[in-house]
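For reference, the structure discussed in these notes is given below.
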Amino acid sequence: MKKLFSNIKGDAFGGITAGIVALPLALAFGVSSGLGPTAGLYGAIFISFFASLFGGTNTQISGPTAPMTAVSMVVIAGIIATNDGDLSKALPVILTVFLLAGLMQIGLGIVGLGKYIRYIPYPVVSGFMTAIGVIILLTQILPSLGYYPKEDAEFVQQFKPQAEELILENILKEEAGEGILVLENFKETINRAGTISDKDILKESQTLAAKEASGALGAIKVIPRALQNINWLELLLALGTIIIIYGFKRITTAVPSTLVALIVMSGIAVSFGLNYRSIEEIPSGLPIPNLEIFTSFKLGSVMPYIFTALTLALLGAIDSLLTSVVADNMTKTKHKPNKELVGQGIGNSIAAIFGGIPGAGATIRTVVNINSGGKTKLSGMIAGVMLLIIMLGLGPIASKIPAAVLAGILITVGIGVMDYKGLKAIPSLPRDIKLGSIKLSSEVLIMLIVMGLSTFWNLVYAVGIGLVIASLMFMKKIGDLTAQRSDVKPLKEEAWKDEIDFPKHLKEEVFIKHLKGPLFFGSTSDFQTLAAQIPSTASMVIIRLGRMQYMDQSGLYVMEDMLLDLKNKNIEVVFVKLLDQPRYMMERIDIIPDFISEDRIFNNFNDCMSWVKNKLENSN
């Protein structure tokens, strides 16, 4: 506790500054997610406070971030679509998924997986981050142009036949659930269909229109219509926001340019009484927990989103721990990864209960906090309290912010979140694989696959596919390297220093094999050629294992097969310098002592050679 209040002045200034920086982004991410600005603010308030209180990085400021919002946006749109476009009906399920993601993060921290996050390959992270930027840019083009598909009557009208079909399908499902036989009681179907109003059909058509235009691909489809229906006032507000954000940075970085843009452009819109589209109303009271998460809980409605919740949890973990590394470098401290995951999980869980969108450690806000004097957990807690005070005191004023201004802010976020370092490296990375006659870089290929799949298909599956491809390529490379270093050659072609004086008259009888590197599933196919390459004159094989540190189950069984084959050919095998892990594996399935007895395992080559000489001389 004493340590917590050891830097009150610096933490207060850092927390207040970080809270101010977080305000426009929290509102923008909330609107972008589909749950509204209040959800963004609630997420920023609770995650910032509780992730700091329970986390393992003293200076980290947490809240909604671009990657977390992009995935949340997909989750929210999908659940709303399955609930007939009714947000109030879908909200408990949405928040339950977010709560589950938070609980999973706590679990990841408790079981100690924080230290393994660093093993996620850079090309996967790079492709994903660039895709996030592209998605944000594409999805914010429409509100920047003042175009909203649900309000385009001509566009919505295209979905009327499909809407009527869906409504009828729902009637038939209801009747099936009630045990009504449609063909025998067709009048009941007609009666129910007669209760459907034009308003119901319009609402369903609007839901389908919004779904069609959602995501990056949907935005691309409707951009031509948006360009034909530009609202010039909305476009000017968005462009003005972007210009101020980039322009003000050239004047000074002491004041957050996003906040300046928000205040200036909103001030202009309100002062001149412009007919602009504002964001949803922000409630001025204290946040209230959404108890429907628990009272309306149905396992069946959440089950399809278990994997999505896990993706949110893992993404939040990666996002937070990368920011923790940045904080460590700036403060010369060391964060506690598992504790940080527990803190982030608690923050996200509490935010979900109060209706907030999920978040993670935010790099820009953390850097601002450190540069402003923040040194302890108190700074992040103050940032959360600061946002709560702003919401309570300025909620009605904040409700007048133009939606186009937040779209402009998000466009700059999308541009900033892309991994330019990875993109710039594309021409210079080594082309280490061939696809037909084309030579490519495996890392570039992974990055492009993840980026393409994330942008135009599914963020969740793209990361999984990227990890699988990266793992397979890594295994292939390691297998090839191991095979190259572990060529099967007779002694006269490959002699180690201590083998040079080996008696010439024994060289035709003794075959020496050097195993260098792990014997695992990636290298077993090359190892299998050993028995076939042993000269017909050989009566003994010496296998030198001092550089084989690891053996997996695949390697174990291929070793057993080779030893069995040599035994059938009456070729004796001896081991030199067998290390602990391979020995343990071979003892588990009785290779030792059934195939190789203890007296045929030597600690060094000289002892082995003394035994071999005696053995062969006695046999001759």
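The values are calculated or read from the model by the stated rules, or taken from the named source; none is laboratory data. What you are looking at is a predicted structure, and each value in this text was computed from that prediction instead of being measured. For neighbour counting, all protein chains shown are included, and Cβ atoms are generated from backbone atoms with ideal geometry for every residue, glycine included.
Checking the stated criteria, Ala407 turns out to be of a type outside the set (Val, Ile, Thr) and touching a Pro at 6+ places or on another chain (Cβ under 6 Å). Among helices (runs of 4 or more DSSP H) entirely within the stretch 8-120, having at least 3 residues that are under 22 Å from Val302 (Cβ atoms) singles out 37-54, 66-82, 87-110. If you go through the stretch 592-613 and keep only what is loosely packed, with under 13 Cβ neighbours inside 10 Å and either not assigned by TED's automatic domain parsing to the domain that holds Arg547 or not in a helix (DSSP H, G or I) (or both), you end up with Ser597, Asn603, Asn604. Scanning the stretch 205-226 finds no residues that are closer than 30 Å to Leu87 by Cα, modelled with pLDDT of 85 or more, of a type in the set (Val, Ile, Thr) and not in a helix (DSSP H, G or I). Here Pro430 meets each of (1) modelled with pLDDT under 85; (2) in a helix (DSSP H, G or I); (3) of a type outside the set (Val, Ile, Thr) with one exception, condition (2). Among the criteria (1) surrounded by fewer than 18 Cβ atoms within 10 Å (Cβ to Cβ); (2) on the phi < 0 side of the Ramachandran plot, the one Gly373 does not fulfil is (2). Consider Thr295 carefully, then state whether it is among the polar types (S, T, N, Q) and within 29 Å of the chain's Cα centre (by Cα). When the stated conditions are applied, Thr295 does not pass them. Condition test on Val450, is it at pLDDT 80 or above and within 25 Å of Val75 (Cβ to Cβ)? The answer is yes for Val450.
Examine the stretch 248-271 for a residue that is under 35 Å from the mean Cα position of the chain (by Cα), assigned to a loop (DSSP other than H, G, I, E, B) and within 20 Å of Ile415 (Cβ to Cβ), and state whether such a residue exists. Within the stretch 248-271, one or more residues are under 35 Å from the mean Cα position of the chain (by Cα), assigned to a loop (DSSP other than H, G, I, E, B) and within 20 Å of Ile415 (Cβ to Cβ).
Taken as a whole, the condition of being modelled with pLDDT under 85, in a helix (DSSP H, G or I) and of a type in the set (A, V, I, L, M) applies to Val367.
Whenever a residue of the stretch 6-30 is in contact (Cβ under 8 Å) with a residue 40 or more places away in the chain, its partners that are hydroxyl-bearing (Ser, Thr, Tyr) and surrounded by fewer than 24 Cβ atoms within 10 Å (Cβ to Cβ), lying with C-beta atoms within less than 6 angstrom and at least six residues away or across chains, give the pairs Asn7/Thr376; Asp11/Thr376; Phe13/Ser372; Gly14/Ser372; Thr17/Ser372.
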